[in-house]
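The values are calculated or read from the model by the stated rules, or taken from the named source; none is laboratory data. On a predicted model such as this, the values are computed, not experimentally measured, just so you know. Every residue, glycine as well, gets a Cβ built from its backbone with ideal geometry; the counts of neighbours run over all protein chains shown.
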Amino acid sequence: DGGITQSPKYLFRKEGQNVTLSCEQNLNHDAMYWYRQDPGQGLRLIYYSQIVNDFQKGDIAEGYSVSREKKESFPLTVTSAQKNPTAFYLCASSNGQGSYEQYFGPGTRLTVT
Amino acid sequence: GNSVTQMEGPVTLSEEAFLTINCTYTATGYPSLFWYVQYPGEGLQLLLKATKADDKGSNKGFEATYRKETTSFHLEKGSVQVSDSAVYFCALSVSPGGGADGLTFGKGTHLIIQP
C-alpha cells in the first residue's frame, strides 16, 4: 500500500539535544511538507520541499532544519535553538499538481523536558 | 495573505443530528478548498475537496459547497454518528502557475457526538 510513514510515534528528549524525525513516502510525490500542531493552534508550516535537493522555509522555520537528498525522504531536525519543541509533528506529501491536496503521515509526538 | 476561519469548538451533538461547521476564507488568487478530519492521536485524512466555484465536494455523507460570493466552504452532514467524533480542519491552497507551497489551515473544530 502507498502511504507516508513517520517514526517514531512518540519521542522523548532532554532539553539542549537535537532530534531528527523521520518521514518516508512511497507515493512518488514530488512535494513534501512538515507541519507543527499545537492545541488550539491548528497546523503551522515549518518547511517544504517541491523537489529533491531544494526546500523552502515555512511560517515557523526558526530552530528547525531539513534535508531532501532523496525523493522518498524528508527528515526534520529539531535543534536546541527551538524554544518550545514539544508538539505533534506531521509530515505530508503532494504530487505538486492540480489542487495540491496533501496526504498526511500518522505524526510524531515529541516531548522535550 | 491567506487565512481560514472556522467556528470554535467543541461542538457537541446528539447522534442523528444535523451538522454544520462553518468555514470562511481569504485568499490571494483562486484557491482550492479542503476539509480534513483528524481522529485522536492520528494524522489528517482528506475528507473532501472542491477546486472551483459552485463545486460540491462529498464523501461519507459529508458535503461542502464552494461559495465564491461569500468566500465560504461550510461542512454539512444530515445525520451524524458517534464515529464522526473527531477534529475537522478547513484548509485552502493557492498556487497559481504551478508549485505547491503548503496548505493554510483553520484552527480546527472538535466535534463530539453523544449516543
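If you go through segment B:61-85 one residue at a time, how many are surrounded by fewer than 21 Cβ atoms within 10 Å (Cβ to Cβ) and within 14 Å of chain A (Cβ to nearest Cβ)?
1
B:Ala86 is checked against (1) more than 28 Å from A:Gln6 (Cα to Cα); (2) touching a residue at least 40 places away in the same chain (Cβ under 8 Å) and fails just one. What number does that condition carry?
So the condition that B:Ala86 fails would be (1).
State whether one or more residues within segment B:42-58 are among the β-branched types (Val, Ile, Thr), over 16 Å from B:Thr104 (Cβ atoms) and surrounded by 13 or more Cβ atoms within 10 Å (Cβ to Cβ).
Here is the first cut: in segment B:42-58, the ones among the β-branched types (Val, Ile, Thr) are B:51.
The next check asks that each one be over 16 Å from B:Thr104 (Cβ atoms); those that pass are none.
So far as segment B:42-58 goes, no, none of its residues is among the β-branched types (Val, Ile, Thr), over 16 Å from B:Thr104 (Cβ atoms) and surrounded by 13 or more Cβ atoms within 10 Å (Cβ to Cβ).
Given the structure, is A:Ser73 touching a residue at least 24 places away in the same chain (Cβ under 8 Å), surrounded by fewer than 16 Cβ atoms within 10 Å (Cβ to Cβ) and either more than 25 Å from B:Ala50 (Cβ to Cβ) or away from chain B (no Cβ under 14 Å) (or both)?
Numbers: touching a residue at least 24 places away in the same chain (Cβ under 8 Å): yes; surrounded by fewer than 16 Cβ atoms within 10 Å (Cβ to Cβ): yes; either more than 25 Å from B:Ala50 (Cβ to Cβ) or away from chain B (no Cβ under 14 Å) (or both): yes.
Considered against the rule, which asks whether it is touching a residue at least 24 places away in the same chain (Cβ under 8 Å), surrounded by fewer than 16 Cβ atoms within 10 Å (Cβ to Cβ) and either more than 25 Å from B:Ala50 (Cβ to Cβ) or away from chain B (no Cβ under 14 Å) (or both), A:Ser73 comes out as yes.
Can you tell me which residue within segment A:53-69, out of those that are within 10 Å of another protein chain (Cβ to nearest Cβ) and either at pLDDT 95 or above or touching a Phe, Trp or Tyr at 6+ places or on another chain (Cβ under 7 Å) (or both), is farthest from B:Glu42 (Cα to Cα)? Step through it out loud before you land on a result.
First, pick out the residues of segment A:53-69 that are within 10 Å of another protein chain (Cβ to nearest Cβ): A:56, A:58-59.
Then keep just the ones that are either at pLDDT 95 or above or touching a Phe, Trp or Tyr at 6+ places or on another chain (Cβ under 7 Å) (or both); that gives A:56, A:58.
Values: A:Gln56: 26, A:Gly58: 22 Å.
Here the residue is A:Gln56.
Hey, could you check segment A:76-96 for residues that are of a type in the set (Ser, Thr, Tyr) and surrounded by 22 or more Cβ atoms within 10 Å (Cβ to Cβ) and say which is nearest to A:Gln25 (Cα to Cα)?
Going residue by residue through segment A:76-96, those that are of a type in the set (Ser, Thr, Tyr) are A:77, A:79-80, A:86, A:89, A:93-94.
Next cut, surrounded by 22 or more Cβ atoms within 10 Å (Cβ to Cβ) only: A:89, A:93-94.
Working: A:Tyr89: 16, A:Ser93: 8, A:Ser94: 10 Å.
Out of the qualifying residues, it is A:Ser93.
Among the listed residues B:Leu111, B:Leu75, B:Leu46, B:Leu33, which satisfies the condition of being without any contact (Cβ under 8 Å) to a residue 24 or more places away in the chain, of a type outside the set (Ser, Thr, Tyr) and in contact with a Phe, Trp or Tyr (Cβ under 7 Å, 6 or more places away or on another chain)?
On the way: B:Leu111 fails: without any contact (Cβ under 8 Å) to a residue 24 or more places away in the chain; B:Leu75 fails: without any contact (Cβ under 8 Å) to a residue 24 or more places away in the chain; B:Leu33 fails: without any contact (Cβ under 8 Å) to a residue 24 or more places away in the chain.
Result: B:Leu46 is the single residue among B:Leu111, B:Leu75, B:Leu46, B:Leu33 that is without any contact (Cβ under 8 Å) to a residue 24 or more places away in the chain, of a type outside the set (Ser, Thr, Tyr) and in contact with a Phe, Trp or Tyr (Cβ under 7 Å, 6 or more places away or on another chain).
Looking only at segment A:97-113, which residues are touching a residue at least 40 places away in the same chain (Cβ under 8 Å) and surrounded by fewer than 19 Cβ atoms within 10 Å (Cβ to Cβ)?
Of everything in segment A:97-113, those that are touching a residue at least 40 places away in the same chain (Cβ under 8 Å) and surrounded by fewer than 19 Cβ atoms within 10 Å (Cβ to Cβ) turn out to be A:Pro106, A:Arg109, A:Thr111, A:Val112, A:Thr113.
Would you say A:Arg109 is within 23 Å of B:Ser32 (Cβ to Cβ) and either out of contact with any helix residue (DSSP H, G or I) (no Cβ under 7 Å at 6 or more places or on another chain) or within 14 Å of another protein chain (Cβ to nearest Cβ) (or both)? Don't jump to the end; show me each part of the working.
On the way: within 23 Å of B:Ser32 (Cβ to Cβ): no; either out of contact with any helix residue (DSSP H, G or I) (no Cβ under 7 Å at 6 or more places or on another chain) or within 14 Å of another protein chain (Cβ to nearest Cβ) (or both): yes.
So A:Arg109 does not fit the description; no.
Let me spell it out: the conditions are (1) in contact (Cβ under 8 Å) with a residue 60 or more places away in the chain; (2) within 14 Å of another protein chain (Cβ to nearest Cβ); (3) over 23 Å from A:Gly58 (Cβ atoms), and B:Gly106 meets all of them except one. Which number is the exception?
Among (1) in contact (Cβ under 8 Å) with a residue 60 or more places away in the chain; (2) within 14 Å of another protein chain (Cβ to nearest Cβ); (3) over 23 Å from A:Gly58 (Cβ atoms), the lone unmet condition for B:Gly106 is (3).
Cβ-Cβ under 6 Å, sequence separation 6+ or interchain: first residue in segment A:8-26 and hydroxyl-bearing (Ser, Thr, Tyr), partner assigned to a strand (DSSP E or B). Which pairs?
A:Tyr10/A:Arg109; A:Thr20/A:Thr77; A:Ser22/A:Ser7
Looking for whichever is surrounded by fewer than 21 Cβ atoms within 10 Å (Cβ to Cβ), at the interface with chain B (Cβ under 8 Å from one of its Cβ atoms), more than 17 Å from B:Gly43 (Cβ to Cβ) and free of Cβ contacts under 8 Å to residues at least 60 places away in the same chain here; the options are A:Gln50, A:Gln41. Which one fits? I'd like the intermediate steps shown before the answer.
Numbers: A:Gln41 fails: more than 17 Å from B:Gly43 (Cβ to Cβ).
Unique residue meeting the criteria: A:Gln50.
Output the residues belonging to segment B:12-30 that are surrounded by 16 or more Cβ atoms within 10 Å (Cβ to Cβ) and not in a loop (DSSP other than H, G, I, E, B).
B:Leu13, B:Leu19, B:Ile21, B:Cys23, B:Thr24, B:Tyr25
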